[in-house]
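Some notes on the structure that comes next.
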Amino acid sequence: MEQLIQQIASGLANGAIYACVALALVMIFVSTDHINFAQGEMAMFSTYISWQLIQWGLDYWIAFFLTVAISFVAGVLIERVVLRPLHSAPLLSIVVVFIGLLAICNSVAGTVWSYLIKEYPTPFPKELFGLSGLIGAHQLGVVVVTLLVLSLLFVFFRYTPLGLAMRAAAQNPVSARLAGVRVDWMLALGWGLAAAVGAVAGMMVAHIVYLDPNMMAGILLYAFAGALLGGISNPGGAVLGGFIVGVLENLVAYLGNAIEKGFGVYIIGNGEKLTVALIIVITVLTLKPSGLFGRVVVKRV
């Protein structure tokens, strides 16, 4: 039972990372109807920036918040400079641009910082008395930071004029323009927030998976699965989907190992967790394409 609780706790920590990246994906999707395939690489690049700032002698949290600010500005610039001219471009052109951003971020990070694996520091203590047997200090810190970020975003979008304007621009751009909302800038701010949220996810996970240019590849797949599972058009559902996928992958591996010990037959290991999780997600999407918490949107064509 104690091992089961440990796996669930570890799954929640992983799910917190997936939830952050899934939220970033959804924030861009609901406003543009496109999936940003470069979201993981943008988060990775931001993590390298924070690592470099720490190497230059900055305190972890100063580097953390400075990186979030830099990522926000970079996200706004990408939307205004790269994507704005493609507003009326075919879907395939936009997909190619996203793939190009992915390749550029990966190659530039490898060129500047090399492809060697680096250790990334953690700001959290090594042990938490009374909890060290169930969940690590860094894992608990990841959950707390992620929940804090998600809570701040909820308050921002629900109760601030700017947040309400961004929601209006994403849901009904035409009506928002008639109400005086600058829809173009709301979209740019959405890209900035998505880049900032992705940066938080990257900095939180780097201590666990170590820092290298390819560290976010698998995490992006899990986050995408969580977003689809919860509902790609529902930010709250995507967050819950990320936590569900995080717990699910750990439970699948735990049950597989338990069956292997009991019957002496290899069932599943850590390498197959992603496969099983995606099979379950595909099954859910086959039965309910809009996701567990999404809604069906009908468009007139």
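Among the residues making up the range 72-110, a single one is small (G, A, S) and in contact with a Gly (Cβ under 6 Å, 6 or more places away or on another chain): G75. Picking from residues in the range 80-99 that are over 24 Å from S50 (Cβ atoms) and not aliphatic (A, V, I, L, M), the one that is surrounded by the fewest Cβ atoms within 10 Å (Cβ to Cβ) is S88.
Say we look at the range 15-40 and pick out the residues that are open to solvent by 10 Å² or more (accessible area, probe 1.4 Å) and under 11 Å from the mean Cα position of the chain (by Cα); which of these is nearest to L193 (Cα to Cα)? So, considering only residues that are open to solvent by 10 Å² or more (accessible area, probe 1.4 Å) and under 11 Å from the mean Cα position of the chain (by Cα), the one nearest to L193 (Cα to Cα) is M27. Consider the range 207-235 and keep the residues that are more than 18 Å from T283 (Cα to Cα) and free of Cβ contacts under 8 Å to residues at least 60 places away in the same chain. The one that is surrounded by the fewest Cβ atoms within 10 Å (Cβ to Cβ) is G218.
Here is a yes/no grid of residues against (1) aromatic (F, W, Y); (2) more than 30 Å from S107 (Cα to Cα):
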site: S175; (1), (2): no, yes
site: V181; (1), (2): no, yes
site: W185; (1), (2): yes, no
site: G202; (1), (2): no, no
site: V205; (1), (2): no, no
site: V209; (1), (2): no, no
site: P235; (1), (2): no, yes
site: F243; (1), (2): yes, yes
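Would you be able to say whether some residue in the range 246-260 is at pLDDT 85 or above and outside any loop (DSSP other than H, G, I, E, B)? Yes, there is a match, as at least one residue in the range 246-260 is at pLDDT 85 or above and outside any loop (DSSP other than H, G, I, E, B). Note on the range 138-186: residues that are within 21 Å of the chain's Cα centre (by Cα) and either open to solvent by less than 40 Å² (accessible area, probe 1.4 Å) or over 19 Å from I28 (Cα atoms) (or both) total 18. The condition of being open to solvent by less than 50 Å² (accessible area, probe 1.4 Å) and of a type outside the set (D, E) does not hold for A103. Among the residues of the range 47-86, those that are among the aromatic types (F, W, Y) and under 18 Å from P213 (Cα atoms) comprise Y48, W51.
Of the numbered criteria (1) open to solvent by 30 Å² or more (accessible area, probe 1.4 Å); (2) assigned to a loop (DSSP other than H, G, I, E, B), the one Y120 fails is (1).
In the range 278-287, the count of residues that are modelled with pLDDT of 85 or more and assigned to a helix (DSSP H, G or I) is zero. What do you reckon, is F72 aromatic (F, W, Y), modelled with pLDDT of 90 or more and crowded, with 20+ Cβ neighbours inside 10 Å? Yes; evaluated as a whole, the condition is true for this residue.
The values are calculated or read from the model by the stated rules, or taken from the named source; none is laboratory data. This structure is a prediction, so every number in the text was calculated from the model and none was measured. As a convention, Cβ positions derive from the backbone with ideal geometry for all residues, glycine included, and neighbour counts pool all protein chains shown. These area figures cover heavy atoms from the full protein model, side chains too; ligands, DNA and RNA do not enter into them. Shrake-Rupley method; radii C 1.70, N 1.55, O 1.52, S 1.80 Å.
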